[in-house]
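Input: a single structure, listed below in structure tokens.
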Amino acid sequence: MTVEFVLFIALGTIAVFAALGMLLSSNAIYSALFLVVNFAVVAAFYLLLGAPFIAMVQVTVYAGAIMVLFLFVIMLLGAERLRQPTYRLRWQQPLAIVLVLALLGFAGYVVATQVTGAWPGPLENAAGYGSPAAIGQLLFQEYLFPFEATSLLLLTAMVGVVVLTAVDERRRRRRPSKRS
Amino acid sequence: MIATTYYLALSAILFSIGVVGVLVRRNAIVIFMAIELMLNSANLAFVAYARQFGALDGQILVFFVMTVAAAEVAVGLALIVAIFRSKASIDVDEVNLLRG
């Protein structure tokens, strides 16, 4: 029972309960805030795993930018909760629970039996492991082409968002009563 | 030094919670958040494996997953805004025009 193990158990409990809170809260704002807690805890796990740079990126990009975007859209639409959830497929929920329990059991079996093989054990981190310098060197040398491809992906996403959310001004002027 | 198995078990639990969220919730924005949770648990497994093998490639992959997640969130939220404009609701059960 080292300090690190106690820390792992405590943080893991927080992560699981934050995820459950996201799943169970009926207000979408609370869901988003629970998800921010979960992302922050996962960033702490990255620090434990020797990935300080990834942890900082997790906090700034995930917990910062992406969740702010979520909260912005929720508040923009005023869609914190559905007016009356319809649940057209009544058999879907129990079936989903059963199937996910099966998935969890299968994943647990695989993790418990297949992981501890002839792999190299968890290595004590070499000096500079996970540092921004080491990550940058790998990213800009070995993974340069995928890195450039992501810029194209982001550009495509940006153009798509602009096209999707653009309001057709001519159509709106022709029929002003349809939506305001 | 915590064994990689524990991290993988935690990753599996978080992924399963995300799957339940996608299947059970009817609010489109919450479904997107559950997808984010699944991507995040996959990232956790990547970083755990990177430590297991003493290589940094897993951490590089986390970058690409984050990029894809950011693009997916931007496009997905734009879709949700467009659906909300036409139907004034983001209940995924009410988006059933293709069923006739």
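The values are calculated or read from the model by the stated rules, or taken from the named source; none is laboratory data. Treat the numbers as computed from the prediction; the structure is a model and nothing was measured. Using ideal geometry, Cβ is built from the backbone for each residue, glycine included, and neighbour counts are taken over all protein chains shown. Ligands, DNA and RNA are stripped out before the accessible areas are found, and what is left, the full protein with its side chains, is counted by its heavy atoms. Shrake-Rupley method; radii C 1.70, N 1.55, O 1.52, S 1.80 Å.
Odds and ends about this structure:
- Over 15 Å [Cα-Cα, the stretch B:26-90], rounded percent: 59 percent
- At q = 0.08 Å⁻¹, base-10 log of I(q)/I(0) for the protein assembly as shown (Debye sum, equal scatterers on each alpha carbon): -0.39
- By the helix-only formula, in which each DSSP H run with n ≥ 4 contributes -39500 (n - 2.57) and the sum is divided by residues, the protein assembly as shown has a 222 nm mean residue ellipticity of -24000 deg cm²/dmol.
- In this Cβ point-charge picture (+1 for Lys and Arg, -1 for Asp and Glu), the protein assembly as shown has a dipole of about 1820 debye about its Cα centre.
- Charge dipole of chain B (Cα centre as origin; +1 on each Lys and Arg Cβ, -1 on each Asp and Glu Cβ, all else neutral): 140 debye, rounded to the nearest 20.
- For chain B, built as a Gaussian network whose Cα springs stay under 10 Å, the top-fluctuating residue of B:Arg51, B:Arg85, B:Arg25: B:Arg85
- Per residue, the convex hull spanned by the alpha carbons of the stretch A:3-124 comes to 134 Å³.
- In the full protein context, chain B carries 34 Å² of accessible surface per residue, based on a 1.4 Å probe and ignoring ligands, DNA and RNA.
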